[in-house]
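Enquirer: Below: one structure in structure tokens.
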Amino acid sequence: MTSNISNIKGLLFSVAPMMDWTDRHCRVFHRRLTRRARLYTEMLTTGAVIHGDHARLLGFDPSEHPVALQLGGSDPRDLATAAQIGEDFGYDEINLNVGCPSDRVKDGRFGACLMAEPALVAEGVRAMKLAVGIPVTVKCRIGIDDQDPETALDGLARGVVAAGADALIVHARKAWLNGLSPKENRDIPPLDYDRVYRLKASLSDVPIIINGGIGSLAEARQHLSFVDGVMLGRAAYQEPWRLLAADPDLFGEAPPHAVMKDVFEAVMPYIERELAQGTRLHSITRHFVGAFHGVPGARAFRRHLAENGVKPGAGVNVLREAIALVEDRVVASMAA
């Protein structure tokens with residue numbers, strides 16, 4: 001079974017898949033901030049992908065590339081079928097979620113609970129690798145509940161790599177399925193970055209990407225001394241202005257746009273197309289609330305969108321009015 005490792009060097013920097021957050025509108029926005037970051041869909045279950053409305057669930061804007069489809073599931077045949085559908089839709093990577101700690105995924109036998117079944121995860125990876133020609137990756141935790149992270153992570157990693165996984169993305173915390181809520185699982189289990197570094201040291205030929213609690217590009221650069229890639233989650237979503245520095249800081253390339261106001265100008269045609277097709281403005285602008293964090297006028301920007309973006313028939317003029325409330329000179333210095 002051939003590996004696609006050579007095709008996945010773009011995993012140096014990525015934005016994490018996040019439920020209810022990284023929808024197609026969010027990804028289009030993020031793509032206007034960075035050309036190079038790999039973007040991920042929200043997790044979609046194999047059942048939804050196989051039986052649901054493909055255009056609604058899987059459709060994405062061509063500008064999003066490189067973009068990966070994250071799947072949740074445990075049945076190897078269903079994973080293979082869903083992966084094939086994703087490849088046919090044009091996704092650049094299929095990622096298997098073995099890290100989400102929510103009750104729903106536990107009941108459905110996918111997500112973090114699968115860390116207790118590494119052989120089944122490997123079987124799923126093998127089935128997907130046989131079904132598609134694009135990279136197949138796995139996103140996991142360092143362990144769950146009372147597992148020893150040394151043996152649990154090594155066992156899962158070696159199994160999926162032997163099955164053909166092209167890269168492993170590791171959220172550097174345990175998931176406590178018994179006793180903590182999904183929200184608590186994002187913060188309470190302590191981070192153990194060294195555990196991920198040790199995994200990379202033991203699997204030198206396998207791309208290892210680190211995730212969890214990383215709040216800035218400066219922190220990302222520090223991790224890149226030990227692993228192959230960094231995945232930014234909530235910091236990228238809640239403070240999207242950080243992404244404007246990703247291409248120059250991590251790839252040595254000019255950013256797509258010099259300042260955030262230029263980013264919004266670039267995304268306007270997409271918003272206008274979406275509104276013409278019946279999308280509500282708030283469905284798109286809800287992803288913009290952190291765009292001008294700390295800039296004079298940012299609060300007025302957020303308030304204007306919150307009060308007017310939700311109104312029936314709200315158009316791009318609402319967004320333009322909100323942007324006009326932000327000071328130009330401060331935005332320019334922020335991107336310098």
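Enquirer: Computing the accessible area with a 1.4 Å probe over protein heavy atoms, can you report the carbon and sulfur percentage for the chain?
Expert: Values: 6990 of 13680 Å².
Answer for the chain: carbon and sulfur cover 51 percent of the accessible area.
Enquirer: Let me ask something else about it. Run the numbers for residue 219 and residue 151: contour at 0.36 nm per residue of separation, minus the present Cα-Cα distance, in nm. Write down the numbers at each step before the final one.
Expert: On the way: separation 68, 0.36 × 68 = 24.48 nm, distance 2.71 nm.
Length difference between fully extended and current span is 21.8 nm.
Enquirer: Which value, in Å², gives the accessible area per residue of the range 184-288 when a 1.4 Å probe is used on the protein heavy atoms?
Expert: Solvent-accessible surface per residue comes out at 42 Å².
Enquirer: OK, next. If amide H atoms are built 1.01 Å from N in the plane of the peptide, which residues on other chains or at least 5 residues away come under 5 Å of the amide H of residue 230?
Expert: Excluding prolines and chain starts, which carry no amide H, the hits are 13, 14, 210.
Enquirer: Relative to the longest principal Cα axis of the chain, at what angle does helix 76-89 sit, 0 to 90 degrees, rounded to 10?
Expert: 30
Enquirer: Now a separate question. For the range 280-289, what does the Karplus curve 6.51 cos²θ - 1.76 cosθ + 1.60, with θ = phi - 60°, yield as ³J(HN,Hα) per residue in whole Hz, taken in order and with x for Gly and Pro?
Expert: 7, 4, 4, 4, 9, 6, 4, 7, 9, 4
Enquirer: A follow-up question, please. When the Karplus curve 6.51 cos²θ - 1.76 cosθ + 1.60 is applied with θ = phi - 60°, which whole-Hz ³J(HN,Hα) does each residue of the range 31-39 get, with x for Gly and Pro?
Expert: 3J(HN,Hα) across the range 31-39, in whole Hz: 5, 6, 8, 8, 7, 9, 4, 7, 10.
Enquirer: Might you report the magnitude of the Cβ-based charge dipole of the chain about its Cα centre, with Lys and Arg at +1 and Asp and Glu at -1, to the nearest 20 debye?
Expert: 560
Enquirer: Let me ask something additional. So for the range 217-276, what are the equivalent ellipsoid semi-axes in whole Å, largest first, each being the square root of 5 times an eigenvalue of the Cα gyration tensor?
Expert: Semi-axes, largest first: 27, 13, 9 Å.
Enquirer: Which value, in Å², gives the accessible area per residue of the range 33-154 when a 1.4 Å probe is used on the protein heavy atoms?
Expert: Here the per-residue accessible area is 36 Å².
Enquirer: Residue 130 to residue 20: FRET efficiency via 1/(1 + (r/R0)^6), r the Cβ-Cβ distance, R0 41 Å, to the nearest 0.05?
Expert: On the way: r = 32 Å, r/R0 = 0.79.
The value I calculate is 0.80.
Enquirer: Just the C-alpha atoms of the range 75-143: what Rg/Rh do they give, with Rh taken as the Kirkwood radius?
Expert: 0.97
Enquirer: Among 129/200; 139/311; 261/311; 129/261, which pairs are too far apart, with a Cα-Cα distance over 32 Å?
Expert: 139/311; 129/261
Enquirer: Under the Karplus relation 6.51 cos²θ - 1.76 cosθ + 1.60, θ = phi - 60°, what is the ordered set of whole-Hz ³J(HN,Hα) values for the range 47-61, x standing for Gly and Pro?
Expert: Along the range 47-61, the couplings run x, 5, 5, 6, 10, x, 6, 4, 4, 6, 7, 10, x, 8, 7 Hz.
Enquirer: Give me the number: length gained by fully extending residue 117 to residue 202, i.e. 0.36 nm times residue separation minus the C-alpha to C-alpha distance, one decimal in nm.
Expert: 28.4 nm
Enquirer: Tell me which residues come under 5 Å, amide H to amide H, from residue 19 once H is placed; ignore anything under 5 positions away on its chain.
Expert: 43
Enquirer: For the chain, what is the mean residue ellipticity at 222 nm derived from helices alone (per DSSP H run of n ≥ 4: -39500 (n - 2.57); sum divided by total residues; nearest 500 deg cm²/dmol)? List each step's numbers first, then the result.
Expert: Working: 15 runs with 138 residues, N = 336.
So the calculated ellipticity at 222 nm is -11500 deg cm²/dmol.
The values are calculated or read from the model by the stated rules, or taken from the named source; none is laboratory data. Everything numeric in this text was worked out from a predicted model, so none of it was measured. All Cβ positions, glycine included, derive from the backbone under ideal geometry; neighbour counts span all protein chains shown. Ligands, DNA and RNA are excluded from the accessible area calculation, which covers all protein heavy atoms including side chains. Shrake-Rupley method; radii C 1.70, N 1.55, O 1.52, S 1.80 Å.
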